[in-house]
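The values are calculated or read from the model by the stated rules, or taken from the named source; none is laboratory data. All values derive from a computational prediction rather than experimental measurement. Here the Cβ positions follow ideal geometry from the backbone for every residue, glycine too, while neighbour counts run over all protein chains shown.
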Amino acid sequence: MTEHPVVIVGAAMGGLRTAESLRRAGYAGGIRMIGDELHAPYNRPPLSKDVLSTGVTHEAVAFPSRAETADVEWMLGSRAEAVDLESRSVTTADGTEHSYRALVVATGLRPRRLDFAPTPGRHAIRSLDDAMALRDVLVPGARVVVIGSGFLGCELGSTATKLGCSVTVVTPSAEPMIRPLGELLAHELRTRLEREGVAFFLGAEVIGLDDGVTLADGTVIPADVIIEAIGSDCNDAWLAGTGLDLSDGVLADNALRAVTTDGLAHDDIYVVGDIARFPNPMFDDVPRRIEHWNIPTDTGRRAGAVLGAYLGEGFTEAVATPFAPMPSFWSNQFDIKLQAYGLPGLADEAGIRILEGDLGGEVAVGYHRDDRLVGVVGVGLKAALLPYRQQIAGGA
């Protein structure tokens with residue numbers, strides 16, 4: 001009888017890195033990768049940055065093939081609909097049941113959408129196909145309204161402006177990117193974007209998308225293209241009824257084993273990527289989801305190593321080894337090169353201060369909680385951030 005494979009649901013970066021790590025851990029059995037997109041794994045962050053501003057192709061963002069995953073069984077264009085933990089099987093949309101020896105949850109996120117009737121010209125970006133559709137309409141002279149002012153919204157606004165579009169960003173926030181950056185740096189970055197031609201409506205509520213974007217105060221902003229960048233929702237519907245804690249993504253322990261609502265960790269189920277809510281001892285013991293670009297890679301490597309030990313040897317030691325990945329993200333907006341480490345959003349209100357440089361030029365801003373550095377954001381000064389990164393990692 002053929003041994004059941006490890007089934008990885010989610011064929012993006014987190015799933016790919018898990019498969020690679022499993023092989024490095026010595027697991028030589030079958031691996032089946034189930035993904036709802038038709039494309040092989042690719043790098044998502046450039047879709048709102050460099051790739052969107054030039055040309056969107058799979059070749060431009062695809063991850064290179066590696067020998068260790070050459071024998072992975074790929075099932076692309078196949079969506080998981082349900083899982084039965086007792087029988088250890090995943091059911092896909094075509095009704096096929098896939099039995100597994102162990103399961104990896106890597107289904108990630110989908111764009112949150114505004115609750116209005118469908119209208120022409122609305123876009124959200126998460127996938128390669130989303131980016132291709134958006135790139136086709138970002139033509140010179142197009143009136144673009146971006147709803148949402150996080151990093152994604154501001155990056156898209158920057159890219160569209162550089163492509164010759166007229167861009168307006170609408171946000172309920174007091175400043176763009178204020179939640180991760182705080183008011184000090186967020187205000188400075190807004191002024192820089194405005195100098196490049198991006199217009200902002202701050203503290204604004206969208207109440208309609210007919211004939212443009214209608215705000216609660218009656219303002220109507222004409223729009224040929226509407227980009228919704230208002231956050232993401234977790235792709236966890238296929239896990240309903242399993243008893244897993246799905247209160248915000250999928251709860252996992254520090255070994256990335258999936259945890260039930262009553263606190264039971266499953267040795268044969270692992271969670272990776274930005275759907276994983278896990279504790280990071282670099283900061284505290286509070287489980288959090290982290291939507292930074294390095295997390296799918298770091299969690300994939302961790303899950304593959306622990307799962308490889310579960311299927312081989314040294315499982316107890318693997319679980320006990322602390323996992324403390326350094327969150328990291330970057331953003332390019334016009335000539336602004338922003339790099340960050342840690343979790344700036346954990347900072348106390350009074351714990352945000354300039355570490356070096358000048359707010360109007362290149363600057364490093366520190367984020368402190370109880371006088372401990374928990375995050376650093378640099379505009380330029382990339383090399384200067386490394387000592388602060390080490391300080392965050394060391395808990396100094």
Q | segment 50-78, subset in a helix (DSSP H, G or I) and in contact (Cβ under 8 Å) with a residue 60 or more places away in the chain, residue farthest from D136 (Cα to Cα) | A | V61
**Q.** Flag if E81 is outside any helix (DSSP H, G or I), among the acidic types (D, E) and either surrounded by fewer than 21 Cβ atoms within 10 Å (Cβ to Cβ) or in the same structural domain as G153 (by TED's automatic domain parsing) (or both)
**A.** yes
Q: Please give the number of the condition L134 fails out of (1) within 18 Å of P222 (Cβ to Cβ); (2) crowded, with 17+ Cβ neighbours inside 10 Å.
A: (1)
Q | Scan of segment 252-296 for residues that are more than 28 Å from Y388 (Cα to Cα) and surrounded by fewer than 23 Cβ atoms within 10 Å (Cβ to Cβ), ordered by number | A | R257, V259, T260, T261, D262, G263, L264, A265, H266, D267, D268
(Q) Any residue at all in segment 271-294 that's within 30 Å of E196 (Cβ to Cβ) and either free of Cβ contacts under 8 Å to residues at least 40 places away in the same chain or of a type in the set (G, A, S) (or both)? (A) yes
Q) For segment 174-220, which residues satisfy the criterion of being without any contact (Cβ under 8 Å) to a residue 40 or more places away in the chain, assigned to a loop (DSSP other than H, G, I, E, B), acidic (D, E) and surrounded by fewer than 20 Cβ atoms within 10 Å (Cβ to Cβ)? A) E205, D211, D217
Q) When segment 86-131 is examined, which residues are found to be among the aromatic types (F, W, Y) and surrounded by fewer than 17 Cβ atoms within 10 Å (Cβ to Cβ)? A) F116
Q) Counting only residues that are under 26 Å from I227 (Cβ atoms), in contact with a strand residue (DSSP E or B) (Cβ under 6 Å, 6 or more places away or on another chain) and not in a loop (DSSP other than H, G, I, E, B), how many does segment 13-49 have? A) 2
Q.
For segment 356-367: of the residues being touching a strand residue (DSSP E or B) at 6+ places or on another chain (Cβ under 7 Å) and surrounded by fewer than 19 Cβ atoms within 10 Å (Cβ to Cβ), which is nearest to M282 (Cα to Cα)?
A. E356
